[in-house]
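*Asks:* Mind looking over this structure? Questions follow.
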Amino acid sequence: MLKPTIISISMATVMAGAAISPALGLIAKAFPEASPTMIKLILTAPSIMIIPFSFLSSYLTSKLTKRTIIMVGLVIYLIGGIGPQLVPTIELLLAFRLILGAGVGLVMPLSMSLINDYYTGKERTQMMGYNSAFSNFGGIVTMLLAGWFATFGWRTPFNVYFLGLVIMIMIFFFLPKGEVQKAPQHKHKTRLPLAVYGYALAMGGIMLAYYSIATNIALYLEQNNLGGAALAGTVVSFTTVGGMITSLFLVKVEMIFKRFVIPVMLFGMGSAFLILTFTNSVPLVILSVCLIGFGQGSLFPIIMIKAMDRAGFQQTDRAVAMTSSFTFLGQFLSPVVLDGVSKIASNDSIRFQYGTLSICIMVIVLVNTSTILRSNKRLPSAN
């Protein structure tokens, strides 16, 4: 049961924001005085708390066992996740979402560092893929469930966070207690390699683009008269379908595309946003969000593995905390940045935002591909 227990932890983290995205339109109607940006912050507010608590989690591993930290984090997670359905104001709702973020921040880095603790080589890559795949599966189930709950009102979708209780039970019975990871006393604390910060920045950028689906798709469907809250839940769930497919076959995907796996997956995401910019077809919208999930599902574990390898075993928790923090910073900044771009351009269409993302991603693909090709040319001369 060790593998499914470790994997189950990531299912809680993926639900932090997107799980209640189908209910955004209903929440906006329940709080008409709230601005559109504040409504979107209901999804992204947890991420701003995840950042400092990820670093706190990394620090606490030298004081407490990882099992203890996860259990405490899940208790906070349950309070912050379920609590919003009981509040009368948008401000209190956001406060509970921040509490949720604190719980996720404690749990998130450990869901990946535990894989690094127990597995190596191809098995580690496979487990990272499974971790991403089943977190996406959890996303599918919870978002579809939240979409169904949303038919009863804006409060009921928050009940999906009861999944945290199931995960707590699994952790209690099946995760070994482990030991406190005290750093060797003879070693001085070293800085993280610069490459880790580069990978963290890349994770943040990918999440900024990826999370635009969760925050904008309900409004996108309404603006273009394509559907309502129930359809939004279905559409958003397809981002996780794509992510689950690539994550399950991560080792094969990496073997097929080799050094070009990152630009190829980014190209798929850029193409999907281009389709969303112009299409009026629901099937094409679903195909596009599936492609976006396809890219994210492979990019996240691959970049995370590269960051951990650069950091080395003793700094794994810090590297995971850094990349996780930038991931959730990108999540938090997604509506702020994209709405800001719309205001600057005086164009509040969601299509415009997706078109902007498509152009930015394609530019990055060109730069990344040319960098790889130049490095390939230098390899023979170096030998």
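The values are calculated or read from the model by the stated rules, or taken from the named source; none is laboratory data. Predicted model, so just to flag it, every value in this text is computed and none were measured. Every residue, glycine among them, receives a Cβ derived from its backbone with ideal geometry; neighbour counts consider all protein chains shown. Accessible surface is based on the protein model in full, side chains and every heavy atom, while ligands, DNA and RNA are left aside. Shrake-Rupley method; radii C 1.70, N 1.55, O 1.52, S 1.80 Å.
*Asks:* L64 passes all but one of (1) more than 19 Å from M168 (Cα to Cα); (2) part of a loop (DSSP other than H, G, I, E, B); (3) of a type in the set (A, V, I, L, M); which number fails?
*Replies:* Every listed condition holds for L64 apart from (1).
*Asks:* Another question, if that's okay. Taking only pairs six or more apart or across chains, which ones have beta-carbon atoms under 8 Å, a first residue in the stretch 339-355 that is within 21 Å of S271 (Cα to Cα) and open to solvent by less than 10 Å² (accessible area, probe 1.4 Å), and a second residue that is in a helix (DSSP H, G or I) and hydroxyl-bearing (S, T, Y)?
*Replies:* I350/Y220; Q353/S212; Q353/S342; Y354/S212; Y354/Y220; Y354/T277
*Asks:* Hey, can you tell me all the residues within the stretch 215-236 that are closer than 15 Å to D339 by Cβ, open to solvent by 10 Å² or more (accessible area, probe 1.4 Å) and within 21 Å of the chain's Cα centre (by Cα)?
*Replies:* A218, L219
*Asks:* Specify the residue that is nearest to A19 (Cα to Cα); the eligible residues are those in the stretch 89-120 that are in a helix (DSSP H, G or I) and β-branched (V, I, T).
*Replies:* In the first step, residues of the stretch 89-120 are kept if they are in a helix (DSSP H, G or I); the result is 90-118.
Then keep just the ones that are β-branched (V, I, T); that gives 90, 99, 104, 107, 115.
Values: I90: 18, I99: 16, V104: 14, V107: 17, I115: 25 Å.
Here the residue is V104.
*Asks:* Name every residue in the stretch 67-88 that is farther than 25 Å from I7 by Cβ, part of a helix (DSSP H, G or I) and open to solvent by less than 50 Å² (accessible area, probe 1.4 Å), in order of residue number.
*Replies:* Hits for the stretch 67-88 are G83, P84, Q85.
*Asks:* Looking only at the stretch 303-328, count every residue that is open to solvent by 10 Å² or more (accessible area, probe 1.4 Å) and modelled with pLDDT of 85 or more and tell me the total.
*Replies:* Within the stretch 303-328, residues that are open to solvent by 10 Å² or more (accessible area, probe 1.4 Å) and modelled with pLDDT of 85 or more number 6.
*Asks:* Further question: When the stretch 204-214 is examined, which residues are found to be buried (at least 23 other Cβ atoms within 10 Å of the Cβ), of a type in the set (G, A, S) and over 16 Å from S342 (Cα atoms)?
*Replies:* Passing the criteria: only A214.
*Asks:* Go through the stretch 237-282 and report how many residues are more than 24 Å from L366 (Cβ to Cβ), of a type in the set (A, V, I, L, M) and open to solvent by less than 20 Å² (accessible area, probe 1.4 Å).
*Replies:* Total satisfying the criteria: 1.
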